[in-house]
Each structure stands twice: as structure tokens, then as C-alpha cells.
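Take a look at the structure set out below.
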Amino acid sequence: MKKIVILGAGTGGTIMANKLRKVLDKEEWSITIVDRDPNHYYQPGFLFIPFGIYNKYDVVKPKASFIPSGVKFIVNSINHVDAEKNVVSLANGQTLEYDFLIVATGTHIKPDETPGLTGKEWYKSIFDFYSHQGAVALQNFLKTWEGGNMVINIAEIPYKCPVAPLEFAFLADEFFVKKGIRDKVNIYFSTPLSGAFTKPKATKMLGELLKEKNINIIPDFYLERVDDENKKLISYDGREIPFDLLTIIPVNMGADWVARSSMGDDLNYIATDRYTLRSEKWENIFVLGDASNIPTSKAGSVVHFASDIVFENLMSAIEGRPLLAKFDGHSNCYIETGFGKGSLIDFNYETEPLPGTYPLPGVGPFGLLKNTRINHYGKVMFRWIYWHLLLKGKELPLESQMTMAGKEL
Amino acid sequence: MAEKTYAGKSVNVTEDGYLTNPDDWTKEVAVEIAKEEGIELNEKHLTVIEFIRDKILKGETLTIRSIGKSGIIDTKGFYDLFPGAPLKKASKIAGVAKPASCV
Ligand SMILES: Cc1cc2nc3c(=O)[nH]c(=O)nc-3n(C[C@H](O)[C@H](O)[C@H](O)COP(=O)(O)OP(=O)(O)OC[C@H]3O[C@@H](n4cnc5c(N)ncnc54)[C@H](O)[C@@H]3O)c2cc1C
């Protein structure tokens, strides 16, 4: 019996388990998937929890319901991988040998990396919304908050879902307007980037939207520490931002076992061939999703597109053929902009987000870099698509390769 | 793309003023780019610049965090040398491409 082991049963790991079990002979191939958490979280839903749009239980389902029969699901922490000997060790002492390994353990927030962050104000006036716990705590806080300086901060790049902090700012604006306290809240958006986003056309569009909504952007702000005594953010070049409420995207890092196994860079991301999605070092290891160091967004849509490539190339590797499928870095993100509208960006390694229509040229229905109602519904529908189609590895009517059709230069 | 003259040498630069060919770089060119950024280049700057050139030309990617942990200089010191946006400024002076902060 030959063995495939999948590390992480989040978005990417679950998709791969479904895709592979469908085609690999059960007599010939065993598939095992490991995750420390029995619950699957719909992470894009965390964004909506602070504002009471979604509640605590709207984004959680048992992982086991999405893992097909014929795949062994182990709930335990990964402790270490010996990539020379092809062995995974778990926290309970169990070991798993593999012929092929798929790494999909994602990226996670590390608030302890920033001095002062997890001190006495943590979950009192400082929150994150990148964890289920943080999003729920922030919802409770916002119920009774009466206003002041709300600072949104991005502590380090890269972080997953690059547009989420902007969406948070837009939704916060709407929330305070509807609560009738917008005039009592100053919203600041501080980022280590030089603008609202990284690529020129999207930065311009999103920057203008921030301005329109009276959200102040503080660019090139690289956080050194939080002074929780005086409630201030302090940057490496000594600038200070006072806050009454801090919503932070803490430093994001790949899984700890990567560091323990010396398999990653200083943020625990694994060196991965950006086209084949195979590890640069080990021929029988593929890396899917946020865990890799490929230069595109860390986002669920990327994981979905990339899973087609990992699947094809892994099948080739199994059959001893060359790896011909090439990932283009395709990313496609809906951006909630508040008041029932949304925007959409579609891009890859080479092409920055451009205006136009998606997925059908000239028709849409979605508008790229435009602020429309239908884009908002795209985001709303995505939760259903995620649970019912995407995780199960079913075909979606979207190409994994980006296309220029429908884009305006 | 545009053409510029640094230290009597004509070089091609990108829209944002980064050398398109890292081989065009010399210490003299660096001194003049630094001046445009309001920086008087000294030995300390040069140590960091040479470190960055070395890493980038080897194909590695750098972040402010990784430079801060490199042992060459700490993050605060890096900011003191290249105020505001240290990695962008230092990369420009080092004659390498603009750091691609991933999306
Ligand atoms: C607030 C927020 C909003 C977002 N919005 C969007 C959006 O609108 N659109 C979009 O496309 N993407 C969005 N994303 C990003 C998206 O959720 C992720 O990019 C995607 O889920 C990554 O999939 P993955 O398989 O790489 O990792 P994950 O789905 O995160 O899975 C990693 C798994 O590994 C497990 N794991 C980690 N370490 C260990 C260990 N040591 N032992 C055992 N198990 C371990 C974890 O428990 C987890 O289940 C958002 C994310 C957040 C936080």
C-alpha cells in the first residue's frame, strides 16, 4: 500500500482529500489527513462577526463532515516532519510514513511577536478579527462602545486575505453610521505599505473609497510595539498613534512545526516552486495555500485555483511523468465596501488588478474594480459555495488560469 | 523607463527611479542616488547596502523583519539609517529592484 499524507484539514487540505480519493484506487493508495482542530472555520466569515452580521456559530462546522469516506482523519497536532526520511510525527507520539506529502497547514496570527500587544489591554480594548475568538470578543465590545479613536493596524506583511482589513474599515464605517455615532468615531487605517493596497490601480480605487468614507490612512507605519499603559501604537521610526480601540492584524506566520522541522523561512513559509507548487527541496512534497512562499495573495480563492495544479502535478509525479501544470498565481477577491456594495479584483503573478467585468467579458455579472451591489451578493453567495462545492473539490464554473478577456488596460 | 545620469554615468531607471540593471551600480552611483533621497552615505549605510545587494542578487527576498534579524543591523538602526521607508530606500540605493511586497 502506498501512502499520501495531507497536513492540515483547512481549505486546501480538505479540497485535496476530496479530489484525490475520487481518483486514486483504494486498494493501492491510503490517504491520511491530520489537523489539530476538529472544527472547520469559514474564515472569510470572521469579517462579519464583529458587526453582528454573522454570529458565533454561523462560521463553524465539524471537519469530519467534509472529509470523504476512505480518507483517514486524525485529530492531533503535527509535531515534526523528517523530510529526508519521509516521516511525520504527531504530538501524541504517533508517526506516519508517506510516499507523498501535501502541506496545507496555512498561516496563523502570532500576537506575541509584538511587544505589549497581549498585555492587559488584550481583548479589553485591543482585538483581532483573524481568529474566531477575537472576532466574537470584538462583537461583544462593539455592542456598547460609545466612540473615540478606532485604529486599524497591519503589523507585518504578508498576511492572509490582503483586502480584509480594508473591508473591516468599510464595514466599521457603515456600522457606526447606522448606530448614529459615526461623528464620535475617528477611524485610522495604519499599514506598513505605502498605500491602501500594493498594486497601483487597486490602490488608487481603494484609496479614494477610504477618503470618501472619511477613513484616515497612515501609510509606511511599521509597528514596533504597543504601549498598553498609554494606549499608543509606536512605530520603528518613533511615530505614535493613540487609540481607544485597536483592531490589529497581528504578525502572520506559518505553522510552528515548520520551524521545528527547519523547513521554512523566518516566517515559517516553505520554499515552493511558484509554477509547479512542489517544494523546492523535496520532490515528494507539495505545498498548497497559505503555507507556501509563492508571491501571490494568501487567500481561499488562490488555494482553490492552486488545488487544480497540485492535483494534476501530484498525479503526474505518481505516474513518473514530468510536472506540466503551471500555476499563474491567480487570485480573485470580493471586497465588501459597506452599505450593501462590493468590489472585485482578479489578478495573477504578472497582471495587476484591472477594471472590467468577470467572469464573462462585457457581461459580468460582476464588475472588476467597481463598487456595485451585485459584487456584494457575490461575497454573500461565497459562503454557500464554500461549504457545498469548494471544499468538496467540485468543479466551479471558473477557470483556474486568469484570463485577460473582460479586462480593460 | 527613463534615463538618468549618476556620477557621469548614464543609466536606465524604472518609473520609481530604481536601476533596471543592477550591474550599472557603483559606489559612486550609490552616493548620488542616496543624495536624492536626502541621505549622506557613510560606511554603515554601505555595509547594509552591500548585504542587500548580495542577498537580492542571489535570488533571496528580503523584508524589514529579516534584515532586522540578520545580525547586520537591528530594525531600529535600519530605520535610523534610511528614515521613513528603509527597505525601499536602501534597495534603490543598492541598485536592486523595488521590493515586491506581496499582495
Ligand atoms: C478574516 C479573514 C477573512 C478572509 N476573507 C477571505 C475572502 O474573502 N476570500 C478569500 O479567498 N480568502 C479569505 N480569507 C483567507 C482564507 O480563509 C485562507 O487563505 C484559506 O483558508 C487558506 O487555506 P489553507 O488550506 O492554506 O489554510 P487553512 O484553511 O487556514 O488551514 C490550515 C489548517 O492547518 C491546521 N494546522 C495548523 N498547524 C497545525 C499543526 N501543527 N497540527 C495540526 N494541524 C495544524 C489548522 O488547524 C487549519 O485547519 C480570509 C481569512 C481571514 C482570516
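Miscellaneous remarks
- For the range B:52-69, the tally of residues that are open to solvent by 60 Å² or more (accessible area, probe 1.4 Å) and assigned to a helix (DSSP H, G or I) stands at 2.
- Given (1) more than 26 Å from B:Ser70 (Cβ to Cβ); (2) in contact (Cβ under 8 Å) with a residue 12 or more places away in the chain; (3) more than 16 Å from the ligand (Cβ to nearest atom), index of the condition A:Leu277 fails: (3)
- Of the residues A:Lys72, A:Lys26, the single one that is touching a Ser or Thr at 6+ places or on another chain (Cβ under 9 Å), open to solvent by 10 Å² or more (accessible area, probe 1.4 Å) and either assigned to a helix (DSSP H, G or I) or more than 9 Å from the ligand (Cβ to nearest atom) (or both) is A:Lys72.
- Residue in the range A:114-130 that is touching a Pro at 6+ places or on another chain (Cβ under 7 Å), within 14 Å of another protein chain (Cβ to nearest Cβ) and either under 19 Å from A:Ala291 (Cβ atoms) or in contact (Cβ under 8 Å) with a residue 24 or more places away in the chain (or both) present: yes
- In the range A:42-53, the condition of being assigned to a strand (DSSP E or B), within 13 Å of the ligand (Cβ to nearest atom) and away from chain B (no Cβ under 14 Å) is met by no residue.
- Residues that are away from chain B (no Cβ under 14 Å) and charged (D, E, K, R) were ranked within the range A:217-245; the one that is farthest from the chain's Cα centre (by Cα) is A:Glu229.
- Residue check for A:Phe176: assigned to a helix (DSSP H, G or I) and away from chain B (no Cβ under 14 Å): yes
- Residue check for B:Glu40: over 27 Å from A:Asn268 (Cα atoms), away from chain A (no Cβ under 12 Å), open to solvent by 50 Å² or more (accessible area, probe 1.4 Å) and outside any helix (DSSP H, G or I): yes
- Scanning the range A:225-252 for residues that are surrounded by 21 or more Cβ atoms within 10 Å (Cβ to Cβ) and touching a residue at least 24 places away in the same chain (Cβ under 8 Å) gives A:Val226, A:Leu233, A:Phe243, A:Leu245, A:Leu246, A:Thr247, A:Ile248, A:Ile249, A:Pro250, A:Val251, A:Asn252.
- Condition check for A:Gly238: of a type in the set (Gly, Ala, Ser) and closer than 28 Å to B:Phe82 by Cβ: yes
- Index of the failed condition, A:Tyr98 passing every other in (1) open to solvent by 20 Å² or more (accessible area, probe 1.4 Å); (2) closer than 25 Å to A:Leu277 by Cα: (1)
- Selected residue (only one of A:Lys213, A:Lys143 is more than 30 Å from A:Asn39 (Cα to Cα) and either out of contact with any Phe, Trp or Tyr (no Cβ under 6 Å at 6 or more places or on another chain) or touching a residue at least 24 places away in the same chain (Cβ under 8 Å) (or both)): A:Lys213
- Considering the conditions (1) touching an Asp or Glu at 6+ places or on another chain (Cβ under 8 Å); (2) away from the ligand (no atom under 14 Å from the Cβ); (3) open to solvent by less than 30 Å² (accessible area, probe 1.4 Å); (4) over 24 Å from A:Ile335 (Cβ atoms), A:Lys63 is excluded by exactly one of them, (2).
- Every listed requirement among (1) open to solvent by less than 50 Å² (accessible area, probe 1.4 Å); (2) touching a strand residue (DSSP E or B) at 6+ places or on another chain (Cβ under 8 Å) is met by A:Leu142 save one, (2).
- Of all residues in the range A:1-23 being β-branched (Val, Ile, Thr) and assigned to a helix (DSSP H, G or I), the one that is nearest to the ligand (Cβ to nearest atom): A:Thr11
- Between A:Gln133, A:Gln139, the distinction of being at pLDDT 95 or above, touching a Gly at 6+ places or on another chain (Cβ under 7 Å) and either part of a helix (DSSP H, G or I) or away from chain B (no Cβ under 14 Å) (or both) belongs to A:Gln139 only.
- Residue within the range A:10-30 that is within 21 Å of A:His132 (Cβ to Cβ), among the charged types (D, E, K, R) and in the same structural domain as A:Ile309 (by TED's automatic domain parsing) present: no
- Exclusive hit being within 11 Å of the ligand (Cβ to nearest atom) and more than 30 Å from A:Trp145 (Cα to Cα), set A:Asp35, A:Asp99, A:Asp82: A:Asp35
The values are calculated or read from the model by the stated rules, or taken from the named source; none is laboratory data. As the structure is a computational prediction, the values presented were derived from the model and not from experiment. Heads up, the Cβs are rebuilt from the backbone with ideal geometry, glycines too, and the neighbour counts pull from every protein chain shown. Only protein heavy atoms, including side chains, enter the accessible area calculation; ligands, DNA and RNA are left aside. Shrake-Rupley method; radii C 1.70, N 1.55, O 1.52, S 1.80 Å.
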